[in-house]
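Taking it in order: structure first as structure tokens, then the write-up.
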Amino acid sequence: MTSVPRPPQPPTSLSPSRASDFMQCPLLYRFRVIDKLPEKPSEAATRGTLVHAVLERLFDAPAADRTAPRARALIPGQWDRLLESRPELEELFAEDAGGERLARWLGEAEGLVERWFSLEDPTRLEPAEREMFVETELESGLRLRGVIDRVDVAPSGEVRIVDYKTGKAPRPEYADGPLFQMTFYALVIWRLKGVLPRRLQLVYLGSGDVLTYDPVMADLERVERKLMALWDAIARATETGDWRPRPTKLCGWCDHRALCPEFGGTPPVYPLPVRPADADEGGQGRMGPVRAEAGRAVALEGP
């Protein structure tokens with residue numbers, strides 16, 4: 001039986017990835033969240049999904065059996081499971097008749113998994129949660145949601161939030177994005193459990209770096225204010241249909257360039273009802289990082 005696609009709906013929640021989309025480019029957020037335009041799978045993103053699955057499944061084994069050879073042995077089976085759940089991934093290697101590209105790609109995943117053992121010792125870890133879906137609602141009604149790679153809880157009750165990254169650690173001037181994501185998760189944990197995480201830890205498998213940050217309550221309060229401003233901006237764009245593109249060097253990797261006005265394209269007809277912007281607000285220029293309301297720019301560069 002063919003499923004009937006759901007009609008477009010206004011956004012109802014915010015995740016770290018979708019918040020990052022809007023900060024990067026409001027039009028990209030619209031294409032992904034409202035229009036739900038399809039995107040081609042990428043080798044890099046799929047490799048990241050595979051590596052995350054292997055590191056999650058490794059903790060099913062007793063501590064003494066969490067070895068690098070066992071982790072490597074999990075890769076083929078997890079790749080098969082991924083293909084079963086997402087058949088569209090077959091197209092990544094559709095033209096690889098001899099299997100050389102696939103073998104090289106799986107070898108790269110294996111290298112990332114092996115590097116993890118030089119950064120953490122899984123025989124000494126007993127995660128409280130793995131791939132933990134979290135969701136909470138703020139007093140404002142904004143619903144926050146996401147998936148945390150790993151949550152460790154010490155005997156003392158202290159909480160560590162861990163996120164695996166299969167790329168390289170960013171230069172210091174670009175570190176705010178990943179830290180924003182982790183502080184987002186810390187806020188959700190605090191709202192759900194009443195516990196301020198003791199440590200936020202980013203494990204970069206691509207470069208072999210482990211970055212940590214110990215948040216304080218002011219960090220969580222700051223990111224909550226930031227999310228509220230961001231949500232106000234999203235709500236306004238949803239109501240008016242005014243989603244401005246924000247061209248950056250990342251445009252070269254965007255699947256939707258053909259539909260972007262910055263590259264001569266025309267977006268699909270906006271599928272939600274719109275209302276005109278208030279007459280006294282005046283005109284707007286090109287969208288900056290985020291504009292929550294006319295005349296008040298909201299900085300979202302860091303938590």
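The values are calculated or read from the model by the stated rules, or taken from the named source; none is laboratory data. Values in this document were obtained by computation on a predicted structure and should not be read as measured data. All Cβ positions, glycine included, derive from the backbone under ideal geometry; neighbour counts span all protein chains shown. Note: accessible area is taken over every heavy atom of the protein model, side chains too, but ligands, DNA and RNA are not part of it. Shrake-Rupley method; radii C 1.70, N 1.55, O 1.52, S 1.80 Å.
Right, GLU129: among the acidic types (Asp, Glu) and assigned by the TED database to the domain that holds LEU50 or not? Taking the combined requirement at face value, the residue does not satisfy it. Checked against the criterion of being among the charged types (D, E, K, R) and without any contact (Cβ under 8 Å) to a residue 12 or more places away in the chain, the candidates ARG86, ARG115, ARG104, ARG124 yield just one match: ARG104. If the condition is being closer than 28 Å to LEU202 by Cβ, outside any helix (DSSP H, G or I) and not assigned by the TED database to the domain that holds ILE189, then region 215-246 contributes only ARG246. Here the condition is being at pLDDT 90 or above, open to solvent by less than 60 Å² (accessible area, probe 1.4 Å) and either β-branched (Val, Ile, Thr) or in contact with a Phe, Trp or Tyr (Cβ under 9 Å, 6 or more places away or on another chain) (or both); of TRP243, TRP231, it holds for TRP243 alone. Answer yes or no as to whether SER42 is under 30 Å from PRO8 (Cα atoms), free of Cβ contacts under 8 Å to residues at least 60 places away in the same chain and either open to solvent by less than 60 Å² (accessible area, probe 1.4 Å) or over 25 Å from the mean Cα position of the chain (by Cα) (or both). For SER42, the condition - under 30 Å from PRO8 (Cα atoms), free of Cβ contacts under 8 Å to residues at least 60 places away in the same chain and either open to solvent by less than 60 Å² (accessible area, probe 1.4 Å) or over 25 Å from the mean Cα position of the chain (by Cα) (or both) - is met. Being open to solvent by 40 Å² or more (accessible area, probe 1.4 Å) and farther than 21 Å from GLY141 by Cα is a property that LYS193 lacks. The residue that is surrounded by the fewest Cβ atoms within 10 Å (Cβ to Cβ), among those in region 196-211 that are closer than 26 Å to GLY157 by Cα and of a type in the set (A, V, I, L, M, F, W, C), is VAL210. Close Cβ contacts (under 7 Å, 6 or more residues apart or on different chains) running from residues in region 59-77 that are over 13 Å from VAL113 (Cα atoms) to residues that are among the basic types (Lys, Arg) and open to solvent by 20 Å² or more (accessible area, probe 1.4 Å) comprise PHE59/ARG130; ALA61/ARG70.
Determine, yes or no, whether ARG222 is within 19 Å of PRO271 (Cα to Cα) and touching a Pro at 6+ places or on another chain (Cβ under 7 Å).
no
Do you know which residues across region 111-166 are open to solvent by less than 30 Å² (accessible area, probe 1.4 Å), closer than 18 Å to VAL195 by Cα and either outside any strand (DSSP E or B) or of a type in the set (S, T, N, Q) (or both)? Result: PRO127, THR136, LEU138. Is it the case that some residue within region 89-102 is out of contact with any Lys or Arg (no Cβ under 6 Å at 6 or more places or on another chain), closer than 19 Å to SER207 by Cα and either part of a helix (DSSP H, G or I) or of a type in the set (A, V, I, L, M) (or both)? So far as region 89-102 goes, no, none of its residues is out of contact with any Lys or Arg (no Cβ under 6 Å at 6 or more places or on another chain), closer than 19 Å to SER207 by Cα and either part of a helix (DSSP H, G or I) or of a type in the set (A, V, I, L, M) (or both). The condition of being in contact with a Pro (Cβ under 8 Å, 6 or more places away or on another chain) and surrounded by fewer than 17 Cβ atoms within 10 Å (Cβ to Cβ) holds for only one of ASP214, ASP176, that being ASP176.
Criterion first (outside the structural domain of ASP176 (by the TED database), open to solvent by 50 Å² or more (accessible area, probe 1.4 Å) and closer than 19 Å to ARG130 by Cβ) does PRO62 satisfy it? The answer is yes for PRO62.
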